[in-house]
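Heads up: the structure comes next, in structure tokens.
The values are calculated or read from the model by the stated rules, or taken from the named source; none is laboratory data. Since the structure is predicted, the reported quantities are computational estimates derived from the model, not experimental observations. Here the Cβ positions follow ideal geometry from the backbone for every residue, glycine too, while neighbour counts run over all protein chains shown.
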Amino acid sequence: MSRFLLCSFAFVLLYPTAIDLYLVALPQIAKDLAASESQLHIAFSIYLAGMATTMVFVGRIADRLGRKPVAIAGAVIFSIASMLAGSAETSDSFLVMRFFQGVGASCCYVVAFAILRDTLDDQKRAKVLSMLNGITCMIPVLAPVIGHLIMLKFPWPVLFTAMAAMGLAVGFIATVILKETLPTQNNDQEIHQAHAQESLFNRFFISRVLFTSLGVTAILSYVNTSPMIVMGTLNYSRGEYSTAMALLAMVGMSTSFSAPILLRYFKQNTLMMASQIITLMSAIAILAAHLNGDSSTLYMIGFVLVSMGFSMGFGVAMSQALSLFSRKAGLASSMLGIAQVSCSAFYIWLMALLGFSAVMMLFIALAMGSVIGLSLIVLVPNQHISECHEEISCPS
């Protein structure tokens, strides 16, 4: 089992690393490519577009051909795109390679969740996904530091060489360590029955897609608005902001690692309800901060609660969403990813278009997400799904 956990963790880490590692180099990249720094911020959206576009079909491919070939292909695409991004001479070619980095990262991201669905029962999967969320929270803390250290000695293309090396390492893991986990059916009739029973229009699955999408929307709204609130409104320096965000990320990481322990004593839905109540409290704290002369203390309390609420419930909700699928686990993972990326991108775009302030954008995302999330837990509770499923026999 440890081989599958190692593979899943490695596959997921490509996605956040490609976002956070190069941010410290944006001014230098803009200078070398004769582009404005604001133009290169589009690279974030381009990267997410590459992920979302690929998720439309890669899950179905993973369900047909297997997890292993998709992971290997994703790692190769990511590595090549990273090397070409580092050698780009124009902003256009740089953005194209960022798109293909998203394509490669998407393949590995979808496969990671499919593997966990293939190999773990409901309770273990909820614990592992919570831990995985904690490991993912480490990247925004560590990646900028590593990027800064690299930039002290080397030019910015070395950052993308490091990403390429990481992609090659993931490809090696996928080739040598990963063993195929795609469940097998004995005949065509069994395959047809499995596909017919696993509907993406299942009421419970749709509810968890919405739940996780609102959670991602809230946390990305927090990431998007926190610089404006902390540095713009509270007048923190860039160094003070970085320190504060690192400490807040550690709060989320600690909460994620605590979730598996809490699951020993509390039901999954209880933990999810607690996460939404904490998120609602964060919305109230942030609104109170805004109405009380932009209190830095209340803002930081609200940010702490945001980190705790998301980290406590997201992994459990993802596990519940995947629990209905075995043959279509890859497709289900794709649908979750597409919904999460699309929902958050649309919300942030709409709020900006309507002229909402950073504080109100964040408050609405948190309040709306928590209220709807609580309603979904009550109205569509966790179905009784047997934890006994086909074991995958893989030689040690």
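Before moving on, here are some points about what is shown:
- Within region 89-100, the presence of a residue that is within 20 Å of the chain's Cα centre (by Cα), of a type in the set (Val, Ile, Thr) and part of a helix (DSSP H, G or I) is excluded.
- Qualifying residue in region 276-299 (condition: in contact (Cβ under 8 Å) with a residue 60 or more places away in the chain, under 20 Å from residue 204 (Cα atoms) and in the same structural domain as residue 206 (by TED's automatic domain parsing)): yes
- For residue 200: the one exception among (1) closer than 21 Å to residue 373 by Cβ; (2) buried (at least 16 other Cβ atoms within 10 Å of the Cβ); (3) under 22 Å from the mean Cα position of the chain (by Cα): (2)
- Complete set of residues in region 236-270 that are touching a Ser or Thr at 6+ places or on another chain (Cβ under 9 Å), in a loop (DSSP other than H, G, I, E, B) and of a type outside the set (Phe, Trp, Tyr): 263
- Any hit, region 13-27, residues being over 19 Å from the mean Cα position of the chain (by Cα), touching a residue at least 24 places away in the same chain (Cβ under 8 Å) and more than 12 Å from residue 106 (Cβ to Cβ): yes
Conditions tested, residue by residue: (1) crowded, with 20+ Cβ neighbours inside 10 Å; (2) among the hydrophobic types (A, V, I, L, M, F, W, C).
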residue: 14; (1), (2): yes, yes
residue: 23; (1), (2): no, yes
residue: 33; (1), (2): no, yes
residue: 47; (1), (2): yes, no
residue: 54; (1), (2): yes, no
residue: 70; (1), (2): yes, yes
residue: 81; (1), (2): yes, yes
